[in-house]
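Take a look at the structure set out below.
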């Protein structure tokens, strides 16, 4: 019996040790980027590196004041916000329809949504670049946001589908019997219940757009997003600019993932079906 | 209830959107790739194949996927099992493990660049340990395998989280009773994992592998940040032809190659990990 107990104790130590090691593997590299961003430019290019931050803001200030960075940041925010709005406005009604109705063509629509994930979507930017010049959408935030929406829309549909499925139809039916119209029942009963989940999927859409590099670099010229700006200036930008840029890119994503962490698993669980 | 048309009305915006911005552009890629001044032509593919970097780009892209995806699958499975064993702090650990999910490939490339660049943290650590006295150039054009390794590490670091999330979600769908029953019949932890968890996890594994492999073929920004042009990959060359050389036709030919290997691998996974009808949970 005592053999068994030591065995189990050893197993626990092994589990704990592995978990710590994996946490260090994930957090360590982020710490190093953080270290570089909060060091003076001379420390960033210097050698050997220090292992503790000096909380010097010169690198970040250099980055923010660098020609083109402020507008790139603003463009990224515009594109990500547009993507967020578009993917919810288009995706949520589809998610609701999938969860509440049986109709012909339902499985066809689901297949189309799932198919989008079997394609390298950023490649869409190539033909759209030509199409946009024709319709005047080239180099605009909206044009890029439309491509990013193809990335985010499948997620929005699947997440909202699972959210609406989690709310009993009986709640809506009860509201109808009390004299609500379909639209009223939706607005007063269903909407408040799904709002947190919708917000989460909106945030997720924002992050997808904020992080996207390829389509952003192909479709923007004058109005570069932050990722496009950083990518196309990789050859010429000094080290402090790269690392401060990387940090500014990572920071909002960290916060947003923290906010939506509860929904991550629910939405992937349903995406398996 | 006048709702026969309602579902179609609700699906209309998303359907129209996907038709215009997803289905139509893909027909355009094919058109760009196969069309020339005199009708249908394979000349753009000839240009692509004769481009001196094409064999290396194809090879690097495939090798990276082959090197990265199996390791990530194993790591994601191990992490998911570890998390399921935790008694406390489970949510915190899961949050930490999924942080890279929100990090863009470009940022991941820059993070690992901070480690591997000449005055970076790897050289600093080696210097502190007395292994090297002057900083070594790790990411130079003479040492392609180090660039390859750095990209591999960056990919594994960043993109294992997406597989983890899918697998954890899938594990949550497996009833606990199955494992308990196996335990009653004397199955050890490894046997339970191998004979109960893994087979039941097949749908999730399939999703995770398809998604991850397709994303692996799209590797781009990490390579740009770590190797510049020293490690050609398909997506990077697509960008080069579209953006620097302004040759949309050849860029589209590259795109068709990426598309073809993506679809090929998707079909392969669908076949290999076929989920028998009605056998799911």
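The values are calculated or read from the model by the stated rules, or taken from the named source; none is laboratory data. In this text the structure is predicted, and so the values were computed from the model without any measurement. For neighbour counting, all protein chains shown are included, and Cβ atoms are generated from backbone atoms with ideal geometry for every residue, glycine included.
Side notes on the structure shown:
- Lone qualifier among A:226, A:259, A:251 - being within 11 Å of chain B (Cβ to nearest Cβ), surrounded by fewer than 17 Cβ atoms within 10 Å (Cβ to Cβ) and at pLDDT 90 or above: A:251
- Filtered residues of segment A:133-161 (kept if touching a helix residue (DSSP H, G or I) at 6+ places or on another chain (Cβ under 7 Å), part of a helix (DSSP H, G or I) and more than 11 Å from chain B (Cβ to nearest Cβ)): A:141, A:142, A:144, A:152, A:155, A:158, A:159, A:161
- Listed here are the helices (runs of 4 or more DSSP H) enclosed by segment B:17-94 that have at least 3 residues being farther than 12 Å from residue B:253 by Cα: B:24-34, B:54-85.
- Residues satisfying the stated conditions in segment B:92-112, i.e. at the interface with chain A (Cβ under 7 Å from one of its Cβ atoms) and in contact (Cβ under 8 Å) with a residue 24 or more places away in the chain: B:97, B:98, B:99, B:100, B:101, B:103, B:104, B:105, B:106, B:110, B:111, B:112
- Checking each residue in segment A:162-208 for being surrounded by fewer than 20 Cβ atoms within 10 Å (Cβ to Cβ), within 14 Å of chain B (Cβ to nearest Cβ) and more than 27 Å from the chain's Cα centre (by Cα) picks out A:169, A:172, A:173, A:175, A:176, A:177, A:180, A:181, A:182, A:183, A:186.
- Selected residue [free of Cβ contacts under 8 Å to residues at least 60 places away in the same chain and under 12 Å from residue B:226 (Cβ atoms)] from B:132, B:146: B:146
- Considered as a group, the residues in segment A:104-122 that are in contact with a helix residue (DSSP H, G or I) (Cβ under 8 Å, 6 or more places away or on another chain) and either crowded, with 21+ Cβ neighbours inside 10 Å or over 13 Å from residue B:15 (Cβ atoms) (or both) include one that is farthest from the other protein chains (Cβ to nearest Cβ), and that residue is A:114.
- Top-ranked residue in segment A:98-124 [being more than 19 Å from the chain's Cα centre (by Cα) and in contact (Cβ under 8 Å) with a residue 60 or more places away in the chain; ranked as farthest from residue A:218 (Cα to Cα)]: A:100
- Residues within segment B:22-47 that are more than 14 Å from chain A (Cβ to nearest Cβ), surrounded by 13 or more Cβ atoms within 10 Å (Cβ to Cβ) and touching a helix residue (DSSP H, G or I) at 6+ places or on another chain (Cβ under 6 Å), tallied: 2
- For segment B:246-258, filtered to residues that are at pLDDT below 90 and surrounded by 12 or more Cβ atoms within 10 Å (Cβ to Cβ), the residue that is nearest to residue B:200 (Cα to Cα) is B:248.
- Subset of segment B:49-74 (residues that are within 14 Å of chain A (Cβ to nearest Cβ) and buried (at least 17 other Cβ atoms within 10 Å of the Cβ)): B:61, B:65, B:72
- Qualifying positions in segment A:31-46 - within 7 Å of chain B (Cβ to nearest Cβ) and assigned to a helix (DSSP H, G or I): A:32, A:33, A:36, A:45
- Of the residues making up segment B:119-139, those that are facing chain A (nearest Cβ under 9 Å) and in contact with a helix residue (DSSP H, G or I) (Cβ under 7 Å, 6 or more places away or on another chain) are B:119, B:120, B:121, B:135.
- When segment B:239-262 is filtered for residues that are part of a helix (DSSP H, G or I) and more than 7 Å from chain A (Cβ to nearest Cβ), the ones remaining, listed by number, are B:240, B:241, B:244, B:249, B:250, B:253, B:254, B:256, B:257, B:260, B:261.
- Residue selected from segment B:116-129 under the condition part of a helix (DSSP H, G or I) and free of Cβ contacts under 8 Å to residues at least 12 places away in the same chain, by the criterion nearest to residue B:69 (Cα to Cα): B:121
- Residue that is surrounded by the fewest Cβ atoms within 10 Å (Cβ to Cβ), among those in segment B:199-225 that are facing another protein chain (nearest Cβ under 7 Å) and either touching a strand residue (DSSP E or B) at 6+ places or on another chain (Cβ under 9 Å) or over 21 Å from residue A:115 (Cα atoms) (or both): B:220
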